[in-house]
1. Report the FRET efficiency, 1/(1 + (r/R0)^6), for Leu95 and Ala205, where r is their Cβ-Cβ distance and R0 is 45 Å, rounded to 0.05.
2. Taking +1 at the Cβ of each Lys and Arg and -1 at the Cβ of each Asp and Glu, which of Thr80, Pro122, Ala201 sits farthest along the dipole of the chain towards its positive end, judged by Cα position relative to the Cα centre?
3. Could you identify which residue out of Val40, Val107, Val180 has the top mean-square fluctuation in a GNM of the chain using Cα springs shorter than 10 Å?
4. Rank Thr140, Ser113, Phe97 by how far each Cα sits towards the positive end of the charge dipole of the stretch 91-153 (+1 on Lys, Arg Cβ; -1 on Asp, Glu Cβ) and give me just the farthest.
5. With the chain treated as a Gaussian network of Cα nodes joined by springs under 10 Å, which of His82, His158, His171 yields the largest mean-square fluctuation?
6. Rank Val207, Val114, Val170 by mean-square fluctuation in a GNM of the chain with C-alpha springs under 10 angstrom and give only the top-ranked residue.
7. Can you give the charge dipole size of the chain about its Cα centre, rounded to the nearest 20 debye, using +1 on the beta carbon of Lys and Arg and -1 on the beta carbon of Asp and Glu?
Amino acid sequence: MLKPLVFIASLGPFAWLIWAGLTGNLSANPLSDVTNETGVWTLRFLCITLAITPLRKLTGWNAAIRFRRVAGLFAFFYGTLHFLTYVIADRFAALDFPDGMVAWTTVRNLAKSVGEDVYKRPFITVGFTTWTSMVPLALTSTSGMIRRLGGRRWNLLHRLVYLTASLGVVHYWWLVKADVSRPIAYGIVVGSLLAFRIWLARARAAVAPTRRLHTDGSSPKREAVGRAK
């Protein structure tokens, strides 16, 4: 029963934004509120996703793995809301509509406007790259895709989440400009989780030769005696 509760709780920020917008509880700049909240929650869910493995290793609670997919998909969900808010409220709203809103020229002009903005403004470039890096992670999150890719290739692909989180921190840093205390805090969290992952990988690499020796029926001591002879 815990998984449905986690799913409902993850929708809480989205529900709050809708409620705040309908009841007038946003600030004088509601679009800025929506942009900031969806962006921050994207980072939070990315951090939660990265924290699942350390939580399992440190506590032995292996059932936590069931929530990693949910956290990752909600990171993509809030990241997509963040991106769409920028596309619709910033780029789409600034367009002229010579053939009406629903027309191929509007789609072409919107794509051109977004592309030019991504090219010219570095923090938009980083933000767009962050979102696009989440797309393959979301598309391959199903059990069927894990079987098609194979466990090894799937794990290699999903290490991309560390790059995604790091780019998200940089995007947040450049966005706020003045008070960077919150981006720094998220950077410390992401850096610590990445450091744990590196430590874990080195620990596994150190254990691997010993496991191979035991599989071969030999031991380091026995091999040392053989070399001495």
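1. Computed FRET efficiency for Leu95 and Ala205: 0.25.
2. So the residue furthest toward the plus end is Ala201.
3. Most flexible of the set in this elastic network: Val107.
4. Checked the options; the winner is Thr140.
5. Maximum among the listed residues: His158.
6. Result: Val207 has the largest fluctuation of those listed.
7. I would put it at about 1940 debye.
Every number in this text was worked out from the coordinates using simple rules, so none of it is lab data. As the structure is a computational prediction, the values presented were derived from the model and not from experiment. Cβ atoms come from the backbone with ideal geometry, glycine included; neighbour counts cover every protein chain shown.
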